[in-house]
Amino acid sequence: MTTISAKIENSDKTLFESICESMGLNISTAISAFVKATIRENGMPFALKASDDPYIYSESNMKYLRESISQLESGKGQAHELREI
């Protein structure tokens, strides 16, 4: 046996622990199940999708995007190519 240490938001830990307990698991057992599933799948046992990120598509971000598009369409801005850093 070995120990894994990870830093997560306290609120996330609390919610995760509550969900685990509702299924009769503790955090260690749930993490062990995740590790086993990752090994079995030879990758993440679930899909990772940027489009499901609630922060990217939050109402405040969408409002900012709509305002920016409106400014560009009315000639009050300048479009440019994105550059990778």
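The values are calculated or read from the model by the stated rules, or taken from the named source; none is laboratory data. Owing to the predicted nature of the structure, the values given are computational and were not obtained by experimental measurement. Counting neighbours? That spans all protein chains shown, and the Cβs are built from the backbone with ideal geometry, glycine included. Ligands, DNA and RNA are excluded from the accessible area calculation, which covers all protein heavy atoms including side chains. Shrake-Rupley method; radii C 1.70, N 1.55, O 1.52, S 1.80 Å.
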The farthest towards the positive end of the charge dipole of the chain, of the residues Ser11, Ser58, Ala79, given +1 on Cβ of Lys and Arg and -1 on Cβ of Asp and Glu, is Ser11
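Could you pull out the chymotrypsin sites (Phe, Trp or Tyr not before Pro) across the chain that fall in loop regions by DSSP (anything but H, G, I, E, B) with no more than 12 other Cβ atoms inside 10 Å? Provide the component values of the computation, followed by the final result.
Details: sites: Phe16, Phe34, Phe46, Tyr55, Tyr57, Tyr64; in loops: Phe46, Tyr55, Tyr57.
Sites meeting the loop and neighbour criteria: Phe46, Tyr55, Tyr57.
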Toy charge model, Lys and Arg Cβ at +1, Asp and Glu Cβ at -1: the chain dipole around Cα centroid in debye, rounded to 20, equals 140
Averaged per residue, the 1.4 Å probe accessible area of the chain, protein heavy atoms only, in Å², is roughly 99
Carbon/sulfur accessible area of the chain, % of total, 1.4 Å probe, equals 56
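Compute the longest continuous run of the chain that contains no exposed trypsin sites (Lys or Arg not before Pro); treat a site as exposed when its DSSP state is not H, G, I, E or B and it has at most 16 other Cβ atoms within 10 Å. Could you put the intermediate results ahead of the total?
Numbers: sites that count: Lys7, Lys49, Lys76, Arg83.
Within the chain, the longest run free of exposed trypsin sites (Lys or Arg not before Pro) spans 8-48.
Convex hull over the alpha-carbon atoms of the chain: what's its volume per residue in Å³? Write down the numbers at each step before the final one.
Numbers: hull volume 16.2 nm³, N = 85.
Each residue corresponds to 191 Å³ of Cα convex hull volume.
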